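What follows is one structure encoded as C-alpha cells, with my remarks underneath.
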Amino acid sequence: MLKHSTNSIGGRLAVVTGLFAVLLVCSTLTLVSCGPFRSGARRAGNTLVKQVAESDEYVEFGRKFSDQSSCGYESCPKAKKNMLNVHLVPHTHDDVGWLKTVDQYYYGSRTSIQKAGVQYILDSVIQSLLDNSERKFIYVESAFFFKWFYEQTEELQQQVKQLVNEGRLEFIGGAWSMNDEAAAHYHSILDQFTWGLRKLNDTFGACGRPRIGWQIDPFGHSREQASLLAQMGYDGMFFGRLDYQDKEERMNHKRAEMIWQTSANLDDSDLFTGVHYNLYQAPAGFCFDILCSDEPFIDGRYSAENNVKAKVDKFLYYVDQQAQSYRTNNILLTMGGDFTYMDANVYFKNMDKLIKYTNARQANGTNVNVFYSTPSCYLKALHDTGITWPTKSDDFFPYASDPHSFWTGYYTSRPTTIKIILQRSEQKIALMVQGQAWMH
C-alpha cells in the first residue's frame with residue numbers, strides 16, 4: 001500500500017492527482033464554480049477553518065453556507081434547538097454492474113439473479129416527489145440517471161429540473177458510478193467523475209452540482225480519493241464501510257464524524273467525513289420497501305392490527321441509541337438500500353406516517369424532531385452547531401467486516417496497477433520539475 005509522506009511516491013502522487021483533478025474539473029464545469037459557496041476557481045480562504053480546540057487533534061470547520069438559488073443549502077429544513085433532529089435521507093444504491101449487467105439492472109431483467117430494475121426506481125421516485133412537496137430524495141449514479149432521463153418526455157424532463165431547482169431531488173456523488181478506491185487507477189476515477197459531473201452541469205446548471213461525496217459501498221477508503229473530492233470542491237463525504245473494530249471504537253467515543261486531512265502537500269485539502277451508523281440501510285424494522293419484510297404502519301383507528309404506538313416507541317429507542325454515538329443533536333438515517341424504491345409510494349407513504357406520528361409525540365414532551373433531509377442539509381446542520389471535530393490523516397484500509405474477514409483479495413485483480421502508477425508518477429513529477437507540460 002502506498003504510504004503518505006511527503007518523501008514517498010504516495011505523497012507525490014497526491015500532488016499529481018490533486019492538481020490534475022482541479023485543472024480537469026475547473027476546465028469542464030463552466031457554469032458551476034469550482035469554489036464552494038462563492039465564485040472563484042479555488043477554495044483558498046474558504047476551506048475548513050483550522051481553529052484548534054483544546055488539543056491539536058480537533059479542528060473546526062466553518063464555511064459560509066449561502067446560495068442565491070432555492071436549491072442546495074438554501075432548501076434545507078431548519079433543525080430545532082434543544083431537540084434531537086433526525087434527518088431521514090431516502091436513497092437507493094444502484095450498482096452500475098454487479099450481479100447483472102448494466103442493461104439487466106436498468107430494465108429489470110434476469111430477476112432469478114436479483115430483483116432490481118432502475119427504470120422503475122426513477123419512474124416511481126419522481127412521481128412520489130411530485131405528489132408531495134415535503135419529500136426529498138438523493139440520487140448518486142449518473143450512468144443510470146441519464147439513461148433514464150433521455151427516455152422521458154420533454155414535459156417530465158422539465159418537472160425533474162424543477163425538482164432539482166427546489167432542492168427536493170439532489171445529486172450526491174454524481175460520478176458515472178461509485179468507484180472502488182483500492183484497485184482503481186486514479187485516471188479512471190477522474191475520467192468517470194468528469195463525465196458524470198459535466199453531464200449534470202450541462203443539464204441542470206448550478207443546482208445539479210453535487211456538494212457531498214457518497215462512497216457508501218466501497219470496501220475501504222483511501223486518503224487519495226478523499227483528496228480528489230476536496231480538490232474538486234466537495235464540502236464533505238459520507239461512507240458506510242470501515243473496519244469493524246475501528247467502527248466500534250469510533251462509535252463508542254463519538255469519533256464517527258471527523259475532519260479528514262487528506263494531503264500533507266496540498267492546500268485546502270481537509271474534508272469533513274462521516275461514517276454511517278447502519279452501513280447504508282434503514283433501521284431494523286423500518287425498511288418499508290417492497291424488497292423488505294418489515295411491517296408497515298397500520299394506523300386504522302379501529303383496526304385490531306394498529307401498531308402506531310409500538311412502531312414509534314421502537315423508533316424513538318433506536319434514534320436515542322444512535323444519538324449516543326454522535327456529537328451533536330443531529331443524526332442521519334439512511335432510508336434505503338440496494339435497488340430500493342422500485343415502488344417508491346410504499347416507502348414514502350410509510351415514512352410520511354413515521355414523521356407524522358413521531359413528531360406528534362412532541363406534544364407529550366418527546367424531544368425528537370423527524371423530517372426529510374439530504375446529506376448536504378445534514379452537513380449544514382452540523383456546521384451550524386459550531387463545534388470542533390476529531391481529525392484523521394491516513395487511509396481506512398484494509399476493511400474487515402468481522403474477525404478473520406478481511407476484504408482484500410480483490411487487490412490482486414489489478415496486479416500491474418501499482419507499478420504503472422509508480423512509473424507514471426515519477427515521469428510526471430520529473431516533467432513538472434523541468435517546467436514541461438504533463439497533462440498528456
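Please treat every number below as a calculation from the coordinates, not as lab data. Because the structure is predicted, anything quoted here is derived from the model rather than measured. Neighbour counts run over all protein chains shown; Cβ positions are idealised from the backbone, glycine included.
Brief remarks on what is shown
- The label point for A304 and the one for L99, both projected 7 Å from the Cα toward the Cβ, are 3.8 nm apart.
- Environment charge of F371, counting only residues whose C-beta is closer than 13 Å and scoring Lys/Arg +1, Asp/Glu -1: +4
- Burial ranking of peptide ranges 372-379, 143-150, 265-272 (average Cβ count within 10 Å, highest at the top): 372-379, 265-272, 143-150
- Integer Hz, Karplus 6.51/-1.76/1.60 couplings in order for the range 187-192, x for Gly and Pro: 4, 5, 4, 5, 4, 6
- Zone residues, the range 142-168, relative to I113, backbone N less than 17 Å from point 7 Å out along Cα-to-Cβ: 144
- Relative protection proxy for 71-77, 328-334, from highest mean packing down: 328-334, 71-77 (other beta-carbon atoms within 10 angstrom).
- Highest average packing first - 91-102, 119-130, 167-178, 310-321, Cβ atoms within 10 Å: 167-178, 119-130, 91-102, 310-321
- Distant-in-sequence amide H partners of F238 (H built 1.01 Å from N, under 5 Å): G213, W214, Q215, G274
- Built amide H within the under 5 Å cut-off of H221, gap 5+: F396, F397
- Rounded to the nearest Hz, the phi-derived 3J(HN,Hα) couplings of the range 297-312 under the Karplus curve 6.51 cos²θ - 1.76 cosθ + 1.60 (θ = phi - 60°) are 6, 10, 10, x, 4, 10, 6, 5, 8, 3, 10, 4, 4, 5, 5, 5, where x marks glycine and proline.
- Within the range 140-299, antiparallel bridges make up roughly 40 percent of the DSSP beta bridges whose residues both belong there.
- A simple spin-label model places pseudo-atoms 7 Å from Cα toward Cβ; at I387 and S401 they are separated by 3.1 nm.
- Residues with amide H under 5 Å from that of M335, placed H, sequence gap 5 or more: V89, H91
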